[in-house]
Structures are given as C-alpha cells and as structure tokens.
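Here the structure is laid out as structure tokens; the discussion comes afterwards.
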Amino acid sequence: MGYYSLGEAYAEAGKHREAAETFEKGLRVDPKHSSSYLGLGSVYQAMGEKEKALETFKKGIMVADSQGDMVPLKKMQARLA
C-alpha cells in the first residue's frame with residue numbers, strides 16, 4: 001500500500017504530522033489495512049497524543065482480528081499493555 005509505505009518513511013524521518021496525515025489518508029482508502037492502524041497509533045504516541053493512540057490501537061486490533069493479521073494485532077496489543 002503506497003500510503004502505508006510513505007507514512008512509515010515520514011515516521012522514520014521524524015515527520016510525525018506528515019506521517020499521521022498519510023496514514024489517515026490510507027485508512028480512508030482502505031479501512032481494513034491493519035498495519036496502518038499500527039503506524040498511525042505509533043505516530044500518535046510519538047506526538048504525545050495518548051488518547052488518539054489508544055483509540056487507534058483499539059480499532060486496529062478489531063480490524064486485524066477480523067482480517068487474521070496476527071503480527072499487527074499482537075504489536076498493537078503490546079502497545080496497550
């Protein structure tokens with residue numbers, strides 16, 4: 001997914017606002033892309049937006065579970081622990 005890769009690149013470069021906007025765009029296109037929830041939640045955490053991160057991870061866990069995406073599911077569960 002193009003938006004996911006671009007969001008990851010922004011996040012790795014420390015451009016958290018751009019990363020968040022990119023992950024959000026990607027989720028509007030494909031709301032079942034569970035790794036994008038992981039990326040978006042992680043960026044929210046890095047920006048200190050804990051409530052948004054929590055909401056994003058919870059939604060992402062539901063999506064990942066319904067899709068059978070175990071790796072992002074477990075990573076998001078770990079972020080909530």
Multiply the residue separation of L54 and K25 by 0.36 nm, subtract the distance between their alpha-carbon atoms, and state the gained length in nm to one decimal. 8.5 nm
Cα-based Rg/(2.2 N^0.38 Å) for the chain, rounded to two decimals, is 0.96
Using modelled backbone amide H atoms (1.01 Å from N, in-plane), which distant-in-sequence or interchain residues come within less than 5 Å of K15's amide H? none
Using a 1.4 angstrom probe on heavy atoms only, work out the carbon and sulfur share of the accessible area of the chain in %. 51
Using a 1.4 Å probe, what is the accessible area per residue for the chain, in Å²? 59
Give me the accessible area of M76, 1.4 Å probe, in Å² rounded to the nearest 10. 0
How many angstrom lie between the Cα centre of the stretch 31-70 and the Cα centre of the stretch 8-22? 15
Calculated FRET value between M47 and Q77, using beta carbons and R₀ = 25 Å, to 0.05: 0.75
Which of the lysines could a cross-linker bridge to K15, judged by Cα under 23 Å and excluding same-chain residues fewer than eight apart? K25, K50, K52, K75
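The values are calculated or read from the model by the stated rules, or taken from the named source; none is laboratory data. Keep in mind it's a predicted model, so treat the numbers as computed, not measured. Because the Cβ atoms are built from the backbone with ideal geometry, glycine has one as well, and the counts that use them run over all protein chains shown. Surface accessibility is based on the protein's heavy atoms, side chains included, excluding ligands, DNA and RNA. Shrake-Rupley method; radii C 1.70, N 1.55, O 1.52, S 1.80 Å.
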